[in-house]
C-alpha cells in the first residue's frame, strides 16, 4: 500500500505489531474460513443448478457431482427438463397463478395499511391510540390460529350466523387468498408504515392543509411519494412471503391444477415419489427465479424489508 | 378595462353556487348529492363483485384471467378508497371531518377484525370443542395434546428445533459476520452467498436438500451424502428415515436458510461498534479474539437477542420443510405440522385448534421481548 492512513501509522508505532508473516497468515486463515463456509452454502444450490440441466437418464443413474469429472461433455446437457416442467407439468400456469396471487396480495395490504397509518399519524379521532395498540397487538397471532375459523367462514358463507358479503363460496378463489394474506400482513404493515409516516415533518402536512389540500390529496400527492423507502421494504418482505408461502395457498386456494400456485405445484411434484425426480431441479429453479431476481436487483430494500419483518408473529 | 379587471367582473357576475335558488332546486341538489354519495361506492362495489364472480367461473385463457385478477385486485382497492372519499366529500360539512378518519382506518380495522381477531377468538373457543367443532368437551383436547405419542414427539422435536437451529444459525452467522468484516474485497459477494437461501421458499429448499439426502435402494446413489458415505465404504443409508438423526438433517435445511438473516443483521451491528473502542483495546494489547469476546460481543448483545428470538418464532412455525421432506413420518413431527395434520387429514377441529392455541401461547412471550426491543430501537432512532 502506498498511502497510509493516520490510524495505521498510529497502530504500527504504539503496539507490539505481530510480524508481517503472522499478519498475512491471519488474513489467509480468515479467507480460507470464509471460502469454506461459502462453498458449504453453495454446494446444495450448485447441485440443483447442475441437475436441472442434466438429461433424465443421468439424473437417475449417477450423482450430479460426477459432472465435475467431465464438465465439457456436452451430451449430458439438456433444456428438456425446463420445457417439460413448464409445458406438461403445468408450471407455466402455476407461475401465472402465483403472479395473480402475489401482486394483489402485496398491493392490497400496503394500500390499506398506508391509509390507516396516515390516519393514525395525522388525523384526529376518538380512540386513535388504543386502536393502534390493538392493531400492533395482533402481531402475536400466528396465522395457524386463523386457518380453521377462516376456512369455515369461507366455506359456510356465514359470520356469527349472519350471511357474509362474500360471494359464495369464496374458497378456492384468488380473492380468498388475497384477503387472507392482507389480514396476516396488515399488523406488521400498519406498524412499520405508521412509524415511518408518523416521523415525517409535520410542517409539510400543515402547509399543505393551509393551501387547502384535503387529507386524500395530501396522502396521494405528499405522503405516498415520501414513503417510498418504507413502502418498498414492506412490499419486498410481503412479496417474498406470499410467493414462498405454501400453507395459505394450500388451505384457501385448494389444490386443483388450474388455480394452484408454484409452491403447491412443486410440493405436489415432489410428493409423486420418484416418478418425476428428474424434473424436480428444473421445477425448483423456475419457482426460485422471480425471488432471486428481486433479490439481486433490490438487495438494499430486500435486506431492510427482512429486518423489519423480525416482529411478525 | 385591463384584462385583469375584466376577469374580475366576470367572476363577480357569476352567482354564488347555491344562493338565490328556489327551495325545490336546493332540495333536488341535496338529494343528488346524497344519492351520489351512496351510489358511487355502491357502483364501485358491484363492479368489483361482478368481476370476482366472473373470475371464479370464467373459462377464459389463464393469462387473461390472471391479468384481469391483478388489475382488479390492484385497482379495486384504490377505487374503493377513492369512492369512499368521494362519498364523504358530498356529506354535510359538519359531518365530514369526523367521518373522514374512519374512511382511512375503517377498512384496516374491518379486515383485521375478520381475518385475525375473530379467528383468534374462535380458535380458542373451538379448542374446547369436539372433532366437528360443535359439542363442548372441556379440556379434553389439551389433555390429548399432552398425552398423544405423536404430539409428545412433536413437542420434543420442536424444543430441539428451537435450541439447535437458532444456536447454529446465530453462531455461524455471527462468526461469518466477524470474519467478513476483516476482508478488504469481496465482502458483498460473500454475504450475498450466505444470504441467498433467504429468498428461496421452504419447498424449494426441500427440493435442493433432497439432492443431498437422497437414497436409492438399487443402483448408484444420487444423493451427495450417500455419495460421500459410500465412497468411504459405508452402506447406503436412508437418511430421512433414520431416527432421531433425520430431525437433525431437517434442521440443517432451516439453518442453511436462516443463517443469512442472522449474518446480515449482526454484520450491521458489528459495523456500528465505534472504531475508537476497538482501537483502544488493541493498543492495550488485546488479541483479536479477546477484542471479539470482551468488546464486540457485549456491545452487540441486544441485537444477538433479537435475532435469536426472531429465529425462535420462525422455527416454532416451521411447517413446510417437514411437510415436504418427511410428511411428519419417522418421528419427525413438529407442532405446526401436527396442527395441519389434525385439522385437515384427521378432520378433528378441536384438536387442531388446541394445537394452534399452544403455538400461540409459545409465541406470545417471545414476541413481547421482540416488540419491546423494536420499540426501544425506534425510540433511539
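For residue A:266, are the conditions met, namely being within 10 Å of chain B (Cβ to nearest Cβ) and in a helix (DSSP H, G or I)?
Details: within 10 Å of chain B (Cβ to nearest Cβ): yes; in a helix (DSSP H, G or I): yes.
Yes; evaluated as a whole, the condition is true for this residue.
Looking at segment B:177-196, is at least one residue facing another protein chain (nearest Cβ under 10 Å) and closer than 15 Å to residue A:62 by Cα?
No, there is no match, as no residue in segment B:177-196 is facing another protein chain (nearest Cβ under 10 Å) and closer than 15 Å to residue A:62 by Cα.
Please find, among B:114, B:172, B:162, the residue that is in a helix (DSSP H, G or I) and touching a strand residue (DSSP E or B) at 6+ places or on another chain (Cβ under 8 Å).
Just a single option satisfies the conditions, and that option is B:114.
Would you mind telling me which numbered condition in (1) in a helix (DSSP H, G or I); (2) closer than 16 Å to residue A:289 by Cβ residue A:89 fails?
Status for residue A:89: all satisfied but (1).
In this structure, is residue A:177 at the interface with another protein chain (Cβ under 9 Å from one of its Cβ atoms), within 26 Å of the chain's Cα centre (by Cα) and modelled with pLDDT of 80 or more?
no
Name the residues in segment A:41-80 that are part of a helix (DSSP H, G or I) and touching a strand residue (DSSP E or B) at 6+ places or on another chain (Cβ under 8 Å), would you?
Once the filter is applied, which keeps residues that are part of a helix (DSSP H, G or I) and touching a strand residue (DSSP E or B) at 6+ places or on another chain (Cβ under 8 Å), segment A:41-80 yields A:64, A:67, A:76.
Can you tell me which residue is nearest to residue A:287 (Cα to Cα) among those in segment A:55-94 that are at the interface with another protein chain (Cβ under 10 Å from one of its Cβ atoms) and surrounded by fewer than 19 Cβ atoms within 10 Å (Cβ to Cβ)?
Of everything passing the filter in segment A:55-94, A:92 is nearest to residue A:287 (Cα to Cα).
When you scan segment A:98-138, how many residues do you find that are farther than 25 Å from residue B:99 by Cβ and in contact with a helix residue (DSSP H, G or I) (Cβ under 7 Å, 6 or more places away or on another chain)?
The initial filter retains those residues of segment A:98-138 that are farther than 25 Å from residue B:99 by Cβ, namely A:98-107, A:137.
Narrowing further to those that are in contact with a helix residue (DSSP H, G or I) (Cβ under 7 Å, 6 or more places away or on another chain): A:98-107.
Counting residues in segment A:98-138 that are farther than 25 Å from residue B:99 by Cβ and in contact with a helix residue (DSSP H, G or I) (Cβ under 7 Å, 6 or more places away or on another chain) gives 10.
Please give the number of the condition residue B:271 fails out of (1) surrounded by 20 or more Cβ atoms within 10 Å (Cβ to Cβ); (2) in contact (Cβ under 8 Å) with a residue 40 or more places away in the chain.
(1)
Conditions tested, residue by residue: (1) part of a helix (DSSP H, G or I); (2) touching a helix residue (DSSP H, G or I) at 6+ places or on another chain (Cβ under 9 Å); (3) surrounded by fewer than 22 Cβ atoms within 10 Å (Cβ to Cβ).
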| residue | (1), (2), (3) |
| --- | --- |
| B:311 | yes, yes, no |
| B:314 | yes, yes, yes |
| B:321 | yes, yes, no |
| B:329 | no, yes, yes |
| B:336 | yes, yes, no |
| B:344 | yes, yes, yes |
| B:352 | yes, yes, no |
| B:360 | yes, yes, yes |
| B:365 | yes, no, yes |
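Which numbered condition in (1) out of contact with any helix residue (DSSP H, G or I) (no Cβ under 9 Å at 6 or more places or on another chain); (2) touching a residue at least 60 places away in the same chain (Cβ under 8 Å); (3) surrounded by 15 or more Cβ atoms within 10 Å (Cβ to Cβ) is the only one that residue A:268 fails?
If we test residue A:268 against (1) out of contact with any helix residue (DSSP H, G or I) (no Cβ under 9 Å at 6 or more places or on another chain); (2) touching a residue at least 60 places away in the same chain (Cβ under 8 Å); (3) surrounded by 15 or more Cβ atoms within 10 Å (Cβ to Cβ), just (2) comes out false.
I'm told residue B:135 meets every condition in (1) more than 30 Å from residue A:117 (Cα to Cα); (2) within 8 Å of chain A (Cβ to nearest Cβ) except one. Can you identify the failing condition by its number?
(2)
Looking at B:296, B:306 in this structure, which one is at the interface with chain A (Cβ under 9 Å from one of its Cβ atoms), assigned to a helix (DSSP H, G or I) and in contact with a helix residue (DSSP H, G or I) (Cβ under 7 Å, 6 or more places away or on another chain)?
On the way: B:296 fails: at the interface with chain A (Cβ under 9 Å from one of its Cβ atoms).
Exactly one of B:296, B:306 is at the interface with chain A (Cβ under 9 Å from one of its Cβ atoms), assigned to a helix (DSSP H, G or I) and in contact with a helix residue (DSSP H, G or I) (Cβ under 7 Å, 6 or more places away or on another chain), namely B:306.
Suppose we filter A:293, A:250 for residues that are more than 14 Å from residue B:205 (Cβ to Cβ), within 10 Å of chain B (Cβ to nearest Cβ) and free of Cβ contacts under 8 Å to residues at least 12 places away in the same chain; which single one remains?
A:293
If only one of A:245, A:258 is closer than 30 Å to residue B:352 by Cα, buried (at least 21 other Cβ atoms within 10 Å of the Cβ) and touching a residue at least 40 places away in the same chain (Cβ under 8 Å), which one is it?
Among A:245, A:258, only A:245 is closer than 30 Å to residue B:352 by Cα, buried (at least 21 other Cβ atoms within 10 Å of the Cβ) and touching a residue at least 40 places away in the same chain (Cβ under 8 Å).
Take the residues in segment B:112-135 that are surrounded by 21 or more Cβ atoms within 10 Å (Cβ to Cβ) and without any contact (Cβ under 8 Å) to a residue 40 or more places away in the chain, then tell me which one is farthest from the chain's Cα centre (by Cα).
Once the filter is applied, the top-ranked residue is B:119.
Given the options A:16, A:71, A:6, name the one that is at pLDDT below 75 and more than 30 Å from residue B:182 (Cα to Cα). Before you say what the answer is, go through the steps one by one.
Working: A:16 fails: more than 30 Å from residue B:182 (Cα to Cα); A:6 fails: more than 30 Å from residue B:182 (Cα to Cα).
So the residue among A:16, A:71, A:6 that is at pLDDT below 75 and more than 30 Å from residue B:182 (Cα to Cα) is A:71.
For segment A:228-263, which positions are farther than 22 Å from residue B:257 by Cβ, in contact with a helix residue (DSSP H, G or I) (Cβ under 7 Å, 6 or more places away or on another chain) and not in a loop (DSSP other than H, G, I, E, B)?
A:230, A:231, A:232, A:251, A:252 - these are the residues of segment A:228-263 that are farther than 22 Å from residue B:257 by Cβ, in contact with a helix residue (DSSP H, G or I) (Cβ under 7 Å, 6 or more places away or on another chain) and not in a loop (DSSP other than H, G, I, E, B).
Considering only residues of segment B:283-296 that are at pLDDT 85 or above and over 25 Å from residue B:168 (Cβ atoms), which is surrounded by the most Cβ atoms within 10 Å (Cβ to Cβ)?
Taking the candidates together, the pick is B:283.
Okay, residues lined up against (1) surrounded by 15 or more Cβ atoms within 10 Å (Cβ to Cβ); (2) touching a residue at least 12 places away in the same chain (Cβ under 8 Å):
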position	(1), (2)
B:238	yes, yes
B:265	yes, yes
B:279	yes, no
B:298	no, no
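Suppose we filter segment A:41-52 for residues that are over 24 Å from the mean Cα position of the chain (by Cα) and either within 7 Å of chain B (Cβ to nearest Cβ) or surrounded by fewer than 19 Cβ atoms within 10 Å (Cβ to Cβ) (or both); how many remain?
So the answer is 1.
The values are calculated or read from the model by the stated rules, or taken from the named source; none is laboratory data. Model, not experiment: these values are computed from the prediction. In this analysis, Cβ positions are derived from the backbone assuming ideal geometry, glycine residues included, and neighbour counts consider all displayed protein chains.
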